[in-house]
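Structure first, then comments.
Every number in this text was worked out from the coordinates using simple rules, so none of it is lab data. Note that the coordinates shown come from a computational prediction; the quantities given were computed from them, not determined experimentally. When we count neighbours, we look across all protein chains shown, and the Cβ atoms used for this are built from the backbone with ideal geometry, even at glycine.
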Amino acid sequence: MIKLIELNDIRLAQMLADYLQLQGIPCQLQSSETGSAIFLTDEQKLVQAESEIQRFIREPHHVRYRDAAWQQEKTANWHSPADSSLLTDLMLQAQPLTLIVSLLILVVFLLYWLAIPVEHLLSFEWPWQRGQIWRLVTPVFLHFSVLHLLFNLAWWWYLGGRIEQRYGLVKLAVVLISGSLIPNVMQAMVSGNTFGGLSGVTYALLGYLWLRERSVDDPSQQTVSHGLFIFMLVWLVLGFTNVLGFNTANLAHAGGLGVGLIQGWRDSRKTVPHKGGNY
């Protein structure tokens with residue numbers, strides 16, 4: 001057997017192995033000290049295998065590898081490849097952290113709608129007041145209208161799910177916490193504790209994906225297009241002008257965007273894997 005590549009992301013290795021199998025390249029996935037290694041079992045397929053490995057190195061998060069995993073599991077036969085439809089994409093966003101946060105937000109809103117004062121437990125408060133440090137983050141779970149709730153949940157499900165799917169649960173958790181903590185503190189400095197919502201995190205997700213995926217060769221694989229980013233940027237600016245007709249947590253939005261852009265820029269500078277090396 002010939003070792004093709006070694007990856008430290010087990011899920012990514014499995015998707016690549018599934019894809020190679022579908023291309024008629026027989027291979028085996030084996031555990032290694034640093035993750036998983038893929039071995040070619042038919043030397044006559046070496047040239048084709050090396051070509052596919054180089055292709056994978058250039059764009060490791062391409063949808064073709066995810067789709068191959070679905071086909072191998074017999075779960076993608078109900079839709080065609082051309083129908084990477086909105087419904088399919090939304091279902092694929094159902095990652096663990098994305099789902100848990102969505103459910104928590106829905107539960108909190110239901111309690112709020114039933115006039116149970118959850119805001120007394122979750123609204124912002126400085127830690128030196130009563131030592132309840134969770135309040136630095138938990139305002140993101142508070143929403144005060146159905147429109148507010150649906151808008152933020154839709155963006156969280158789409159953008160957050162994409163980050164968790166492509167870059168992992170830990171990365172989404174980092175963006176979630178930093179995109180909650182820093183924007184909440186910034187907003188509290190100007191408005192006290194009279195705010196809530198996931199919008200700061202939404203802007204963090206937006207900024208992260210927009211900058212992180214600028215180097216992706218295939219524009220169709222960029223989650224956030226330039227047009228969408230500019231639209232959200234204009235929306236952010238309009239919030240500061242008070243022309244929208246309702247109050248917005250403007251500093252939380254701006255802070256979230258800044259947090260996301262910084263993390264996206266940092267991660268975009270990481271090197272891609274080399275053949276036979278770790279990823």
Quiz item: Considering only the other residues whose Cβ falls under 10 Å of the Cβ of A49, what net charge follows from Lys and Arg at +1 and Asp and Glu at -1?
Solution: -3
Quiz item: For the stretch 93-268, what relative contact order do you get, as a whole percent, if you take Cα pairs closer than 8 Å and at least 6 residues apart?
Solution: 25
Quiz prompt | Overall Cα dimensions of the stretch 104-211 - principal axes, largest extent first, Å | solution = 37, 31, 22
Quiz item: When a footprinting reagent is the concern and you count Cβ atoms within 10 Å, what order do M232, M15 take, fewest first?
Solution: M232, M15
Quiz item: In the stretch 7-52, what GluC sites (Glu not before Pro) fall in a loop by DSSP, with at most 15 other Cβ atoms inside 10 Å?
Solution: E33
